[in-house]
Amino acid sequence: MRNTLPFPSHTVRRQGVQYNVKANEFVWAWQTSETAAEVAERLGMPRPIVYARASSYRKRGVRLKKLKRSSPRGLNTDALNRLADALAG
């Protein structure tokens, strides 16, 4: 896949790991995913790197969609809210 955006793809090195994902690959993965965790899994990148790259692209004018936020630590918020309501009386 050829990089067609007006800026180069990012190559990120961290502790010997290299993430060489072209800009158009990243945008495709972002726009066709529901969560940043899904983007990270598809591209083999850590979620913080995915968020950082999305932020960088947005600052450069790329119109990336807003993704659903996953619940922290896999919390079942519906069940916890029912419990909180039941305990409140």
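The values are calculated or read from the model by the stated rules, or taken from the named source; none is laboratory data. Please read all numbers here as calculations on a predicted model, not as lab measurements. When we count neighbours, we look across all protein chains shown, and the Cβ atoms used for this are built from the backbone with ideal geometry, even at glycine.
The table for this structure:
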read-out: Within region 45-89, tally of residues that are of a type outside the set (A, V, I, L, M) and part of a helix (DSSP H, G or I); value: 17
read-out: Pick from region 47-78, criterion at pLDDT 90 or above and over 17 Å from Trp28 (Cα atoms), ranking: surrounded by the fewest Cβ atoms within 10 Å (Cβ to Cβ); value: Lys59
read-out: Evaluation of Ala29 against (1) at pLDDT 95 or above; (2) surrounded by fewer than 14 Cβ atoms within 10 Å (Cβ to Cβ); (3) assigned to a helix (DSSP H, G or I) (one fails), failing number; value: (2)
read-out: Residue check, Arg42 surrounded by fewer than 14 Cβ atoms within 10 Å (Cβ to Cβ) and part of a helix (DSSP H, G or I); value: no
